[in-house]
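> Could you have a look at this structure, given as structure tokens, before my questions?
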Amino acid sequence: MNHEAGLARGTLLELPGAGVGERGHLRLLESAPCDPQQIYARILSERYGKPFIVDDGRTRRLYFSLRFIQSSMRIDDPVTLDFAYTRKMMAFLLFVPDPREVLMVGLGGGSLAKFCHRHLPETDLTVVEISPDVIALRGEFGVPEDARIKIVQADAAEYLPSAEGDTEVLLLDGFDASGIAPAFLRRGFYEAARRRLRPGGLLVANFCGPPQRWYRHFRLLDDAFDGRVHLGPVTYADNHIAFAFADTGFPLDWAHLAKRARVLADRIPLDFPEFVDRLRAGAGLRRELRRLQ
């Protein structure tokens, strides 16, 4: 388990994006010399095996495979949360408005880490990322070099059981080229995640794609948290966000949440009242998921 602030993983190579059907440029960590045509062929056949960036001058996107965008950053506003699901994950502030510690699993392009660093100045952030290549690209996405952001290069399945009761919020957004990291599909993983939370703490998990792809993860999460999990859909996206409560705060107090949403909207540039509406829209999702048993 290595604590990393950034890694030298080779030269940042820039190639025309047209070689893989993309506008702008590709940026990749490669050792010179290399054959660009072989790189294009490996990316197109999904055999490249490393993260790469597509920059079209407006957005800078991180990929593991061209099928899925892992992270997106607006060049003219690098801290804005470009994906709806990342904005919805920030709804944790409705329940824990002033966390001292936030633990994140999955760095990607650092969208959530950058947003929390900017708008939660009293919060310390720890990000667990398994891929040293992803960490090496942090500078391309402007992830701050700051004492309040600690990036740990480790497998979350090994890292989470290493301590207990050290964070108020745990954000799970760990994906590989095929979906949710397979190492997460264990009851022990979600139990270890729960034990990292302090009293009153909250775990927030991103589930992407059709429910058949992530339902078993939801069941394990729900079991580990004794049923204190609320699932909400993301507007105009193929994501669902699960909010799992360590002990209190469930079922949800809608009047209290609506009041807190108005306060947060004046403090942080996100539509918290809309988040409450989407949480309400998920009230029946648990019943629908039972059909998959």
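The values are calculated or read from the model by the stated rules, or taken from the named source; none is laboratory data. Just so we're clear, the structure is a prediction, and the values are computed from it rather than from any experiment. We place every Cβ from the backbone using ideal geometry, glycine too, and count neighbours over all the protein chains shown. Surface accessibility is based on the protein's heavy atoms, side chains included, excluding ligands, DNA and RNA. Shrake-Rupley method; radii C 1.70, N 1.55, O 1.52, S 1.80 Å.
> Of all residues in the stretch 186-212 being open to solvent by less than 60 Å² (accessible area, probe 1.4 Å) and in a loop (DSSP other than H, G, I, E, B), which is farthest from Arg100 (Cα to Cα)?
Taking the candidates together, the pick is Pro210.
> Here's a follow-up. Taking the stated definitions as given, is Val54 assigned to a strand (DSSP E or B), open to solvent by less than 70 Å² (accessible area, probe 1.4 Å), over 17 Å from Val134 (Cβ atoms) and modelled with pLDDT of 95 or more?
Judged against the criteria, Val54 is not a match.
> If I go through the stretch 138-175 residue by residue, how many of them are under 16 Å from the mean Cα position of the chain (by Cα), over 11 Å from Val105 (Cβ atoms) and outside any helix (DSSP H, G or I)?
6
> Considering only residues that are at pLDDT 80 or above and in contact with a helix residue (DSSP H, G or I) (Cβ under 8 Å, 6 or more places away or on another chain), look in the stretch 274-293 and name the one that is surrounded by the fewest Cβ atoms within 10 Å (Cβ to Cβ).
Here the answer is Arg280.
> Yes or no: Leu93 part of a strand (DSSP E or B) and either free of Cβ contacts under 8 Å to residues at least 24 places away in the same chain or open to solvent by less than 10 Å² (accessible area, probe 1.4 Å) (or both)?
no
> Right, here's the next one. Please verify whether Phe275 is in a loop (DSSP other than H, G, I, E, B), of a type in the set (A, V, I, L, M, F, W, C) and touching a Lys or Arg at 6+ places or on another chain (Cβ under 7 Å), treating the condition exactly as stated.
Considered against the rule, which asks whether it is in a loop (DSSP other than H, G, I, E, B), of a type in the set (A, V, I, L, M, F, W, C) and touching a Lys or Arg at 6+ places or on another chain (Cβ under 7 Å), Phe275 comes out as no.
> Can you tell which of Glu168, Glu140, Glu145 is loosely packed, with under 14 Cβ neighbours inside 10 Å, among the acidic types (Asp, Glu), under 26 Å from His119 (Cα atoms) and at pLDDT 90 or above?
Glu145
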